[in-house]
Each structure stands twice: as structure tokens, then as C-alpha cells.
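Colleague: Have a look at this one.
The values are calculated or read from the model by the stated rules, or taken from the named source; none is laboratory data. In this text, all values refer to a predicted model and were calculated from it rather than measured experimentally. Here the Cβ positions follow ideal geometry from the backbone for every residue, glycine too, while neighbour counts run over all protein chains shown. Side chains included, ligands, DNA and RNA excluded: accessible areas come from the protein's heavy atoms. Shrake-Rupley method; radii C 1.70, N 1.55, O 1.52, S 1.80 Å.
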Number of protein chains: 4
Amino acid sequence: MKSEGMRVGVVGVGYWGSRHVRVLRSTTGIAAVIGVDPRFSQIDDGSPQIDHGIAAYADIEDALPHVDAVIIATPPASHALLGQKAIAAGKHVLIEKPLATTTEAAQDLVDAAESVGVVLMPGHTFEHNAAVHKLRDLVQGGELGRPFYLDCARLNLGLYQTDVNVILDLAPHDISISNFVLGSRPATVTAWGSRYVHPQHEDVAYLRLDYADLGVRTNIHVSWLDPHKVRRITAVGSKKMVVYNDMADGERIRVYDKSAVPPGEGDGPLSAFAYHLGDTVSPFIAFPEPLAVQDQRFVDCITNGSRPSVDGSSGLAVVQVLECAQISLREQRPVALAEVTQRRYRLSAHAAEVR
Amino acid sequence: MKSEGMRVGVVGVGYWGSRHVRVLRSTTGIAAVIGVDPRFSQIDDGSPQIDHGIAAYADIEDALPHVDAVIIATPPASHALLGQKAIAAGKHVLIEKPLATTTEAAQDLVDAAESVGVVLMPGHTFEHNAAVHKLRDLVQGGELGRPFYLDCARLNLGLYQTDVNVILDLAPHDISISNFVLGSRPATVTAWGSRYVHPQHEDVAYLRLDYADLGVRTNIHVSWLDPHKVRRITAVGSKKMVVYNDMADGERIRVYDKSAVPPGEGDGPLSAFAYHLGDTVSPFIAFPEPLAVQDQRFVDCITNGSRPSVDGSSGLAVVQVLECAQISLREQRPVALAEVTQRRYRLSAHAAEVR
Amino acid sequence: MKSEGMRVGVVGVGYWGSRHVRVLRSTTGIAAVIGVDPRFSQIDDGSPQIDHGIAAYADIEDALPHVDAVIIATPPASHALLGQKAIAAGKHVLIEKPLATTTEAAQDLVDAAESVGVVLMPGHTFEHNAAVHKLRDLVQGGELGRPFYLDCARLNLGLYQTDVNVILDLAPHDISISNFVLGSRPATVTAWGSRYVHPQHEDVAYLRLDYADLGVRTNIHVSWLDPHKVRRITAVGSKKMVVYNDMADGERIRVYDKSAVPPGEGDGPLSAFAYHLGDTVSPFIAFPEPLAVQDQRFVDCITNGSRPSVDGSSGLAVVQVLECAQISLREQRPVALAEVTQRRYRLSAHAAEVR
Amino acid sequence: MKSEGMRVGVVGVGYWGSRHVRVLRSTTGIAAVIGVDPRFSQIDDGSPQIDHGIAAYADIEDALPHVDAVIIATPPASHALLGQKAIAAGKHVLIEKPLATTTEAAQDLVDAAESVGVVLMPGHTFEHNAAVHKLRDLVQGGELGRPFYLDCARLNLGLYQTDVNVILDLAPHDISISNFVLGSRPATVTAWGSRYVHPQHEDVAYLRLDYADLGVRTNIHVSWLDPHKVRRITAVGSKKMVVYNDMADGERIRVYDKSAVPPGEGDGPLSAFAYHLGDTVSPFIAFPEPLAVQDQRFVDCITNGSRPSVDGSSGLAVVQVLECAQISLREQRPVALAEVTQRRYRLSAHAAEVR
């Protein structure tokens, strides 16, 4: 370990937390990586050498005095409480997606980090992913023409979570990508969900996000119960179409110079739809590991005192969509984002009146 | 042409009608194939030799006296009227999907054919498709275990229709397959649709069919505006999963011996989900052209005086789902099949009362 | 049939001949298509209406007076004799690949056509294929850099031929493509072959063609006994690589901007190999049916009195390579083209001396 | 590190050696892993803590006293010398493929290990690969019927080696698999090779191995200069065909119930070839990391004093084929294995006579 630099605690050293530990080892500006997990039996001197070769604590309270920042990679239900503890201790925090399970709790985290003056980042790895950046450039740079829709599929057999449904588990990826690629937030959310194998939680779901300002819709299909592993986003515009296939190692992004031309437009016929067909291009994309890029940016923002481009408000926006989706599941109707974002202000106003 | 056998008229000799003409040439029990299309300039003697090498008429009225049966392959809006004309003339009819554009009109066709005593078949080619039969056998024979869901995707760039939306154009295939494979009819239908390139009609849509009696749901994604040609149906059960990929020539059906096992069930652990993983099998399937099989069965039923296994009621059931989907699009809510199936009876009852 | 234009006979109306009959029906400049096949029972007047809707003869001798040109689509062993008969009768001829089974016989056909003044074309459909033209442009236009090699695979289970080995059956395609794409003829041919299922003929073979003038090598793998249907040509140069996959409907050609850079060259390091990695492009290619293009060119050359771009010498060059391959199979050694091309002149010289 | 167990040195801690270090950490029966690489600057006490977290030496001579066994993962040219040093010191050795660059040197290693009584294993990871075991079971268990041929392709762009050609670099994998799956050794080897980018060594090559005892042939295509990464072995028999695709994560092995039936055999017709077409099956295969399995077996054999199933003679057999291939490249002819295997005995005999 280097003597200079930051000490970062990883809270929750399971499947995903271990990956943070691994990438932090190669992150510039890190002096020490500390593990925090109840599985670690803490010893007197507080720093037992453990399997991952890092100092470790069983409890976050014991660890906080020894770190400058924490990465929280525990199950979703515990994110808000652990995040608040860290912020209260003046520590910078990166919290795995979703930031919290309710808009209320996510907003509180954003407010707390703001007031204490620490960095708060959500673990939206895809917003640090070179292929997603390419997708955003294609959409926002106008190469697709006017954007029409995104269609996202994130399917596999497993890994079933016990504490949340498949929407909270998998859709944060697609919601954060959609918001990022479109540079906007949806106005309305509708959701369909089904419980097949899971007794308490939906294991297959479809979401529809309506970006009213852009006239764009994003459909999301998430599933723990599909024979194929699929991680694909299709973006269609008036001029071109793009597919981002995260399973296609060397060709994650494919740009199709294809479009439908309405009657009378372009070079097409006056009375019928025409189709434009051109080349298909897979641009070469240098692809550093997104988790490593994200964790490096977290450390850099702390070091430089700069605000992360993917910040608490991005994390909050995702949680808002998730909450709308949960309401839509229950009430079988489209739910406006305003319903959850304004509640706080209604509650605040109400509290003020009462006082 | 053979001197013995049936004379069959094909009404509408465009892209799809031409295919009927082609397969009828090899159908057993056919004496003559007659084309009916306004593009044919009719000559005095009524039987000009035309490009397809068949006798042809410009108008169905002129053709009906010369045929025993007709296949109607015109645009959807004209199906009901042309079908009624043929039935009124005592001719057997096969009508391309959808049978009609409203439940009312479809029911009238079924009633008329019943009362006149002619064969009425909808052009549900997929119900005569060997891969779909295999899928049905796997689902109904119990090999999948308890069925959970079907997920259907029928996507491509084009072919935009000018008179109907993508649901009426493409979803009849998936609805007829779903009803056939599950051996049931949905109780509720929900639909999401969007108009991107088409000024009047939805070009991308998602449907959800709820088979309440079975606890099974079918999701359908249809699109005229997608970079990939996709024709895929995934069926998932408690024991196995199947994918029917109509684009995979030699391996249309793949059976995955894969499942998720809830905590405490089977050999899985008591506290976590487990996954069963076994062999994947692509059964060999002899695959005669479904359109040829269908047209042969139509001729055989007429010849033998038997009722077709895929009959008017199958066609009606598809139209009912389509109508529910259209209502759901407009009103953004789940629509019960009973809303459209009972209307007739309500109307009938109302008429009776008035009298 | 049109009253003006050419009468073309198709000799051998089996699997492949039927395809010629079909495309000739849409070929411009054709007055009549006549079938010639022993399966046709000839009737007195010589023009029975048959299944394909064409006039037909059982014997080429009877047919020749009624045609202006013939397409010979019989088994390879009969090509030379039937071709000579047609040429002797002053008819233009298109002969399916291979032109003949020996260099001697192929050279005689070329000489005869030259002396009589009729068009002689080999049935090298791939030289009329838009994807192969694109491949040639990429190679000869320098986009690949210095060409290194072609690797061809033409595999499937079946269709076993009874009279020739897999080299004579399938390799003519790849040899003609290789000669066409490189714009040259190989100097040396080596072949490996095996007889597994076929009792008399090789059913799996590998060929190596050495284009000494270019420093390019073409490897060809042909097989009747493979689980996958493969029709793929890979062309690799010093700057880029191309794959022509005839099974990939919408993306037959893919251009990979990839290369290996030897130590010290380009921007690479001084002591190690480097790799250049750029975009991958599938250029849009309008793809008319190659057989239709070929047959139209045949008719056009006859009509205009012009020499076909793919002529008898192309057909002869393929036969020379085939003969070298057969010798290499027997003698297990590389065989120079000169060994078969110079024999004729040696024989001629010998004959001259004797005189 | 555990206090009980074996101390294993890894000689050459580059790309591949690092992988040994990683798997040895989870290998049962290991007390310590020691790195040996000139890149390690050795310190006085001989055990600097280095980047991989292991004790390290710059020179094998210094390391030998501190280890019980070594794994040699240096460039091929150094294998024999380093192996001999370790054996002379009484250490067990696992040597990466190829065991040596000449038959002579490989035979000497086998003889030395035999005489000293240490374990000698070649690093043939594929012989410890569950998919290869399945392939062997299918071939040797008779499920394919009479085996006809193997066809192997191991292609990619890179990684060019500077000291050996592509045959010595990549073909050892396929040769060892072929010998293992067929349970035999080839009688004759033929090779074609080309130098395109590499100035001194072949970068694309084709091999043919003739297993005369079985009537089976294995073709191997190895390349550093191909646009696609391919690792595929096709095995074809008289009844079934198998493809082992190492790039297909979940379906490495696919068994095709397909075959060609010669005229008059089986249920086929008397005068033509027929084709049997049945199901395609991808058997589920538990797939532990082959390198970990291999290294565990190495440790177990040492611990138990048992002979490894993949032993020095397997390594020697691969080197013999490699040497034949090199001769065939130079002399452009098939080379019998006997030419290289008998040389030693001829030399020995000659030496005896001289004495």
C-alpha cells in the first residue's frame, strides 16, 4: 500500500463489493483499501489481514474513523442508513444503485451530502462506460436524426434477489443509461410486472418511460427468468438506428444507416412508405473497465474538490422512476414523476402550515 | 389444370395472394385457380391468360359463379364485406388474418358461415406450422412444467401498412399462436403503442395478454421500425424454457432444461434461490411450408365436409383481442375481453327489450 | 412468350437447370425458353407443353435447330461433348462449371468457339455476384493494403455427387472467385483429400493455390460432410481484412480495419508486434440474383456481338487448377500449372516433329 | 500461506505464468507459491514482497533450494534447459507446451525425469478441460459411429511470438487434443505454412495428421492473422457430428445427429446418397477452470506419488508431431513420425557401433 493518498472503505464485500476492492487496488490516489463486512471477525487491533489482503472491520462505526471515503455495496434496503452514517461522519460516499429504495430517502441523502459538503456519487457504472458515451454522442450529436425511442432488454436466468423485485435490481442500469443518453428525465412511467417463481417480488417486468419534452419513449424489459443472457439497448431515430449489445465483446455498438421514410418525404414515393438502407458500422471503442473508471473519478473528485458529473441528483432521478414504477405496478396506470417529486414539497408545505 | 376437383378463387393477388396462387398449384384436389384483382383488366370471355398463368377476373361478383371457394387476401378493411359476399353466394371462404377489423363484423362472418353451412377459415398460417405444433406439445404436454409466460417479438424495418396499425398487421400472428399454444383465450388485454414515423397509426407496440384461467401472461412486441428482423417466441415454465426462433432455419425450436428453484423447493437450498441447468436440445422438425399445409387443409375440409381445426371461432378470438388492444391504447388501461364479447349480447338484449 | 428475341435452350432441367429456366423467363431479349432433357418424352410436333410451361425436347440434336443459344446444366462429364455439339451447330453456349473435366477438353471448347465465332461463357455465377465485385474492388483498389491471402470455406452436409469428387463439384466456385478477385492465375496447386462416406470420390478436401506473381496464397476447404453450412471467404491484407459470408443475408461483406504491424513499422513499437484496431463496416450492397445477372449478360453479349467479361479463358483457367489438384491428390506434391497448360503445346510440338 | 504443504515455484511470471500464480493460490496442498523471473530484483534475504504478493527470485538456481516443484512458463526455447536444471535438483516439473522444441530434447526430459524419479507433466490444459473430456467420450464411446475426421481452427489477430512460428505456438493445443480424443498418435504429418507479416516465422499454417491405425485424419488451421477469434474443433463420424466451440460459453459442445448414408446402406435409397437428420443436443457440462484442474492434479500426483494421466510421453508425442511439421514445411512432403522417433535409436545404435 502507498503511504500517500486516500483511505477508502468498501462496505459490503460480497460479489460486487469484491470487484470494488479489486479495482481500487489499481486506482491512483489510494493509500489503503479497508473492508467492512459483518463476515469479518474483528480483532483487537482492528486490522486483521484477511483473504482479500485488506484490513477489515465488521462494523461501519468502527471503520469510519479510519477512512476518508466509503463505497457502499450492501443490499439496497440498507443504502440510505449506511450512507447517512458516513455522511454524518464527514466521509465522501459512493453508493451502489439504487441510491435508496424511496425518493424520500434518496432526497435526504442528497440534502445531507450537500449540507455536510461531501461528494455523493451513485454507482451508475454504465454512465462511465465508453459504449454508453458513444451511444449518447450518437443520439445527442444528431447522427440518428430526431430520436424516436430506446428499447432496453436486461435478461438472464438469475440472480434472484430476496429483498427487492427485478425492477429495483436491474432497471436502475437502464433508467440511468436512458436519462444519460437522452439528457433528460421522463415525465411519466408505466410498469407491468409478474411474479412467477418469486413468492413476494416481481421477477419479470416491462417499463415504459415517457420523455414528454423530447417526444421520446424508453421501453425496458428486465427479467431474472429468461433462457438467454441479454444486455441490449436499441436506439432508433429518424435517420439511423443503433444497437448497444453489451454481450458483444468487440462490437458493443453497431450503427445502422437505416430508416423508414414517410410518404412524400425525402426521396421516397408520394404515396407509400420508403426505406433508406446504407452501411452498418461498428465503431472501434477503447473500453476501459467502467467500474475502474467510476472509482477513479470518485477519488479524483474528492482529491480535486470537484463535483462529479454523475452525482446525487442522477441517483435521485433513478429512484424517482423506480418509485413511480412501483406505484404503477400496484395501481395499473401511468404515474407522473410529479406525483413523487412533489410529495416532499407538499409534505414540507404541510409541515410548515402545522407549525 | 386437372379436370376433376375444386375451383378456388384468390381475391387480391398482391404479395401474399400470389403466394396462395403458388401453393394452390401443388394442392391436391384443385381443378382450377382463379385470380380476382382489380388490376386484372377483364376481357369478354372472362378468362384472360395472365402473368401468373391463371384465369382472372377484376371483380369478385363476376368471379363467384366460376368458383367453389375463395381465399381473401385483400387489405384488412375489406375482409368482412368480401367474405360476406362469398358466403352469401354459398362459397367456402378462407380469409386472411385478421378475419375482420371489429368483433362485430367477425362475429357476423362466423354466424353467416354457420347459417349458410360453408367452411370459414382464418388465414392463421402459424397454427399450421410444425414448429408451433411442437411448441404447443411442449407446453400442453407438461414438459415445461407449469407454464409461466410467453414473450413474443415480431420486429423489422417495414413493411409499413397504410390502412392499419402495427398491432392489426403483425399481432394477429402472435395472438393466434398464443391462444393455440396455451389452448385458451385471454381475459384481459393491455397495450402500449407509439406513432413515430407513421402519421396516423402506431408503428411500435407492446401488448400484454392475461390468461387468468391459467395464470399465464403473454407479452407481445411488434414493430415496423427496428434494425433487426426478429420473429421469436420464448415460453418459460417451472421446469424448462423453449425458444421458437422462426429466423433459425434448421433449429426453429430450442428446449432449455433450465429453471429457477424457489428457496426450499426441490433440491435447492432452504434460504436462497437455486438454478437447475441441464442440456439444451433442438429437436429435428420436418417443416412443410405452413401456407401449403393450411390451403390443403382448407380444400380437404371442403371435400370431406369436416370442420377445420382452425375455424371461424379462432379468427373471432383474435379479432376480440385486437379490439381490446385498440381500446387499451386509447384509454390507457387494461381491457377485459368481456367488454367486447358481451357487447353483442347486450346489444341483442337491448334490441329485444326495445321490441 | 414474346415474338421478338432469342430462343434459348436449357440442356438438363434438374435442380440447377430449373433455376436457369426461371430466371430466363424474366431475362430481356428472350423470345422462347426450350427445355432439353431425356426425362421429357418427346412428341411428334416437338413442342409438348410441360410442367415448367416450356417447350421441351428429349435430345439436344432435335432441339438445336429450334434455338439460337444453349445453356448446358448437365453433369460435368457431359459438358464438353454437349458443348461441342452446340458450337458445331453454330449456337452460342453457356456451360455450367466446370467447363470440362480436363484441360484438354476445355481448351478444345475455347478453340472451337473461337473458330466458329460463337459466345462461350462458363457458368461462374459468383463472377456476376455483387458481393464478389465488392471484394474484388477492395482487394484490387488497395483498400486492404498489400494482399496476403484468401481463405475459402464451402461446407455442408450433402449434396453428394456420384460422378465427381467434392473438388470438381464445389471448388470451381472458389477458384473462379479467387482468380477474379486477385486478377491473376495461380502458378502452383497443392491438394489434400479424403474419402470418408463416398466409396470412389473425395468428400472432404483442402486446396492451396500459390499466386507466385503476387505473393498471395488462397486456401480452399470444400466438404460434403460438415455439420454447418458455410460459404465464407476471408481476405487478409497488410492494412485491412474482409469477410464475405454468403450466408449472412443483409451483411455479406464485412470490412475489418485491423492489421498486425511488424516490429519497427508504422507507429508500432521497435521490438514487438503491434496491432491496429479500427471500425468494422458492412457496406450496403444492392444484390440482384447473380444467376439472373449472368444469364442477362449472356443474352446481351450475343445480341451486341460483344465478348463476355467472364469468358472461355476464365472457364479454362478453373479447369487447369482442377486438373492440377487431381494430380496433387494422386502424387502428394505441389503441381505447377505449367505442367497441364504446356502439355498441349508439347503434344502439338511433338505432333509437328513427327510430321 | 499455509504452513503445511508443498512449495511451488513458477518460472516466468508473464501473461501465462501469472495465471498459474493465481490458480495455485486456491490449489489444495500448497504451502507457498514462489515467483522466478529475471524481472524480479532479488534482495538479500531472498524473499522480497512483490506485486503478486508472492516471494520471488530473479534466478532459478537461487529459487530451487526453496521449492519442491516448479512450473515452467517461459518462452519455448528455454523449456528444456530449465526443465533439466529442475529435474537435476530433484524437483517435480510441469512444463508449458511445447515440452521442448525438438524431439531429442523432449525425449531427454522424459528420460531424466524417469531416472531421477520426479513427476514430469506437460502444460496441456486442454487435456484437463471438461469439454474435451466430453468430446473424447463421444468419440471413444462410439456415439459418433466410426470416426472419420477432426477439423481444428485456432485463429485470431495476434499474439505474435517472436521466437517460434504459429505452429509451435498454437498447434500444441490441437495436437494434444487430437491425440487425447482419438487415443492414438498420428503416423504421418503434412504442413503448409506462410509468412505474411512475420519476417522469420510462419504466421498462418495448415496441418494434416494421419492416424493410419484408425483411418482418421485431423486437419488443423492455426493463425495469428485472422479477423475472427476462432477456437473450434469439429469431429465427424459415420453416425453423428460434434462441434466443440471454446468461444461459446454455455454451449461448448454441440452434438448433431446428422450423417450421410452411402447408396444402399441403412434405410437410404439404393442408387443415391441419403442424409440422416435428427436432434441437436448441447449437453450441460460443469466446467471448472482447466488450468486449476491441471495444477491441482500436478500437486496431487506429487503428494500421492502417482503417475499423471497426462505425462511426459504425451508431451513428447506433441513435440514429435511439431518436428515432423517443421520438416514438412521445409521439404513440402508428408513426413512419417517414424522419421523423428527412430532417429534417436539410429543415433544410439550408431554410437554403440562406434564404441
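Colleague: Considering only the range C:217-227, I want to know if a residue exists there that is in contact with a Pro (Cβ under 9 Å, 6 or more places away or on another chain), closer than 27 Å to residue A:275 by Cβ and modelled with pLDDT of 95 or more. Steps first, answer last, please.
Modeller: To start, the set of residues in the range C:217-227 that are in contact with a Pro (Cβ under 9 Å, 6 or more places away or on another chain) comprises C:217-218.
Next, from what is left, pick out any that are closer than 27 Å to residue A:275 by Cβ: none.
Within the range C:217-227, not a single residue is in contact with a Pro (Cβ under 9 Å, 6 or more places away or on another chain), closer than 27 Å to residue A:275 by Cβ and modelled with pLDDT of 95 or more.
Colleague: Spot the failing condition for residue B:73; the list is (1) in contact with a helix residue (DSSP H, G or I) (Cβ under 7 Å, 6 or more places away or on another chain); (2) open to solvent by less than 10 Å² (accessible area, probe 1.4 Å); (3) in contact (Cβ under 8 Å) with a residue 60 or more places away in the chain, and only one is missed.
Modeller: It is condition (2) that residue B:73 fails.
Colleague: Give me a count of the residues in the range B:1-41 that are under 20 Å from residue B:124 (Cα atoms) and not in a loop (DSSP other than H, G, I, E, B).
Modeller: 14
Colleague: Something else: Keeping to the range B:213-271, report how many residues are basic (Lys, Arg) and within 24 Å of the chain's Cα centre (by Cα). Give the derivation first.
Modeller: Kept after step one, since they are basic (Lys, Arg), are these residues of the range B:213-271: B:217, B:229, B:231-232, B:239-240, B:252, B:254, B:258.
Subset that is within 24 Å of the chain's Cα centre (by Cα): B:217, B:229, B:231-232, B:252, B:254.
Residues meeting the conditions: 6.
Colleague: How many residues are within 13 Å of the chain's Cα centre (by Cα) and either modelled with pLDDT under 95 or over 20 Å from residue B:194 (Cβ atoms) (or both) when one looks only at the range A:155-193? If you could, list the steps in order and put the result at the bottom.
Modeller: Just the residues of the range A:155-193 that are within 13 Å of the chain's Cα centre (by Cα), to begin with: A:167-181.
Adding the requirement that they be either modelled with pLDDT under 95 or over 20 Å from residue B:194 (Cβ atoms) (or both) leaves A:167-170, A:172-173, A:176, A:180.
So the answer is 8.
Colleague: Could you list, in sequence order, the residues of the range B:281-299 that are of a type in the set (Phe, Trp, Tyr) and over 10 Å from residue B:129 (Cα atoms)? Break it down stepwise before answering.
Modeller: Residues of the range B:281-299 that are of a type in the set (Phe, Trp, Tyr), as a first pass: B:284, B:287, B:298.
B:284, B:298 - these are the residues of the range B:281-299 that are of a type in the set (Phe, Trp, Tyr) and over 10 Å from residue B:129 (Cα atoms).
Colleague: Checking the structure you have, find out if any residue of the range D:99-110 is open to solvent by 30 Å² or more (accessible area, probe 1.4 Å), touching a residue at least 12 places away in the same chain (Cβ under 8 Å) and of a type in the set (Ser, Thr, Tyr).
Modeller: yes
Colleague: Kindly establish whether residue A:81 is at pLDDT 95 or above and open to solvent by less than 10 Å² (accessible area, probe 1.4 Å).
Modeller: On the way: at pLDDT 95 or above: yes; open to solvent by less than 10 Å² (accessible area, probe 1.4 Å): no.
Considered against the rule, which asks whether it is at pLDDT 95 or above and open to solvent by less than 10 Å² (accessible area, probe 1.4 Å), residue A:81 comes out as no.
Colleague: Okay, next question. Before we move on, is residue A:314 of a type in the set (Ser, Thr, Tyr), modelled with pLDDT of 95 or more, more than 21 Å from residue A:113 (Cα to Cα) and assigned to a helix (DSSP H, G or I)?
Modeller: Details: of a type in the set (Ser, Thr, Tyr): yes; modelled with pLDDT of 95 or more: yes; more than 21 Å from residue A:113 (Cα to Cα): no; assigned to a helix (DSSP H, G or I): yes.
Taking the combined requirement at face value, the residue does not satisfy it.
Colleague: Quick check on my filter: what residues within the range B:55-70 are open to solvent by 20 Å² or more (accessible area, probe 1.4 Å) and either touching a Phe, Trp or Tyr at 6+ places or on another chain (Cβ under 6 Å) or basic (Lys, Arg) (or both)? Spell out how you get there, then give the answer.
Modeller: Initial filter on the range B:55-70 (open to solvent by 20 Å² or more (accessible area, probe 1.4 Å)): B:55, B:58-59, B:61-62, B:65-66, B:68.
Within the range B:55-70, just B:58 meets the criteria.
Colleague: Looking for whichever is on the phi < 0 side of the Ramachandran plot and either within 14 Å of chain B (Cβ to nearest Cβ) or surrounded by 21 or more Cβ atoms within 10 Å (Cβ to Cβ) (or both) here; the options are A:295, A:311, A:300. Which one fits?
Modeller: Details: A:311 fails: either within 14 Å of chain B (Cβ to nearest Cβ) or surrounded by 21 or more Cβ atoms within 10 Å (Cβ to Cβ) (or both); A:300 fails: either within 14 Å of chain B (Cβ to nearest Cβ) or surrounded by 21 or more Cβ atoms within 10 Å (Cβ to Cβ) (or both).
Checking each option against the conditions leaves just A:295.
Results for (1) surrounded by 19 or more Cβ atoms within 10 Å (Cβ to Cβ); (2) within 30 Å of residue C:239 (Cβ to Cβ); (3) among the aromatic types (Phe, Trp, Tyr), shown as yes or no for each residue.
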residue: D:122; (1), (2), (3): yes, no, no
residue: D:142; (1), (2), (3): no, no, no
residue: D:163; (1), (2), (3): no, yes, no
residue: D:166; (1), (2), (3): yes, yes, no
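Colleague: In the range B:204-291, which strands (runs of 3 or more DSSP E) lie fully inside it and hold 1 or more residues that are at the interface with chain A (Cβ under 8 Å from one of its Cβ atoms) and open to solvent by 50 Å² or more (accessible area, probe 1.4 Å)?
Modeller: Values: elements: B:204-211, B:216-223, B:225-237, B:241-245, B:253-261, B:274-282.
Once the strands (runs of 3 or more DSSP E) in the range B:204-291 are filtered for at least 1 residues that are at the interface with chain A (Cβ under 8 Å from one of its Cβ atoms) and open to solvent by 50 Å² or more (accessible area, probe 1.4 Å), what remains is B:216-223, B:225-237, B:274-282.
Colleague: Continuing with the same structure: Provide a single number: the residues in the range C:182-196 that are in a strand (DSSP E or B) and open to solvent by less than 30 Å² (accessible area, probe 1.4 Å).
Modeller: Of all residues in the range C:182-196, those in a strand (DSSP E or B) come to C:188-194.
With open to solvent by less than 30 Å² (accessible area, probe 1.4 Å) added as a condition, the list becomes C:189-194.
Number of matching residues: 6.
Colleague: Here is a list of conditions, (1) on the phi > 0 side of the Ramachandran plot; (2) at pLDDT 90 or above; (3) touching a helix residue (DSSP H, G or I) at 6+ places or on another chain (Cβ under 7 Å), and residue C:46 meets all of them except one; can you say which number that is?
Modeller: Unmet condition: (2).
Colleague: Where in the range A:66-129 are there strands (runs of 3 or more DSSP E), lying fully within it, with 1 or more residues that are touching a strand residue (DSSP E or B) at 6+ places or on another chain (Cβ under 9 Å), closer than 24 Å to residue A:27 by Cα and charged (D, E, K, R)?
Modeller: On the way: elements: A:69-72, A:92-96, A:120-123.
Strands (runs of 3 or more DSSP E) meeting the threshold: A:92-96.
Colleague: Is it true that some residue in the range C:139-152 is within 30 Å of residue D:147 (Cβ to Cβ), more than 10 Å from chain D (Cβ to nearest Cβ) and touching a Leu at 6+ places or on another chain (Cβ under 9 Å)?
Modeller: Checking the range C:139-152: at least one residue is within 30 Å of residue D:147 (Cβ to Cβ), more than 10 Å from chain D (Cβ to nearest Cβ) and touching a Leu at 6+ places or on another chain (Cβ under 9 Å).
Colleague: Follow-up question, since we're still on this one. Do we have any residue at all in the range B:167-181 that's outside any helix (DSSP H, G or I) and touching a residue at least 12 places away in the same chain (Cβ under 8 Å)?
Modeller: Of the residues in the range B:167-181, the ones outside any helix (DSSP H, G or I) are none.
Checking the range B:167-181: not a single residue is outside any helix (DSSP H, G or I) and touching a residue at least 12 places away in the same chain (Cβ under 8 Å).
Colleague: Which of (1) in contact with a Leu (Cβ under 8 Å, 6 or more places away or on another chain); (2) facing chain A (nearest Cβ under 7 Å); (3) within 15 Å of residue B:174 (Cβ to Cβ) does residue B:191 not meet, given it meets every other one?
Modeller: (2)
Colleague: Got a number for residues in the range A:153-166 being in a helix (DSSP H, G or I) and either touching a Ser or Thr at 6+ places or on another chain (Cβ under 6 Å) or more than 12 Å from every other protein chain (Cβ to nearest Cβ) (or both)?
Modeller: Going residue by residue through the range A:153-166, those that are in a helix (DSSP H, G or I) are A:166.
Remaining after also requiring either touching a Ser or Thr at 6+ places or on another chain (Cβ under 6 Å) or more than 12 Å from every other protein chain (Cβ to nearest Cβ) (or both): none.
Total satisfying the criteria: 0.
Colleague: For the range B:277-307, give me each residue that is in contact with a strand residue (DSSP E or B) (Cβ under 9 Å, 6 or more places away or on another chain) and either modelled with pLDDT under 95 or of a type in the set (Val, Ile, Thr) (or both).
Modeller: Within the range B:277-307, B:280, B:281, B:285, B:299, B:302, B:303 meet the criteria.
Colleague: Of (1) under 19 Å from residue C:71 (Cβ atoms); (2) buried (at least 21 other Cβ atoms within 10 Å of the Cβ); (3) touching a Ser or Thr at 6+ places or on another chain (Cβ under 9 Å), residue C:325 satisfies all except one. Which?
Modeller: (1)
Colleague: If you don't mind, there's one more thing I want to ask. Please state which one of B:171, B:153 is buried (at least 24 other Cβ atoms within 10 Å of the Cβ) and either over 28 Å from residue B:305 (Cα atoms) or of a type in the set (Val, Ile, Thr) (or both).
Modeller: Numbers: B:153 fails: buried (at least 24 other Cβ atoms within 10 Å of the Cβ).
Selected residue: B:171, the only one of B:171, B:153 that is buried (at least 24 other Cβ atoms within 10 Å of the Cβ) and either over 28 Å from residue B:305 (Cα atoms) or of a type in the set (Val, Ile, Thr) (or both).
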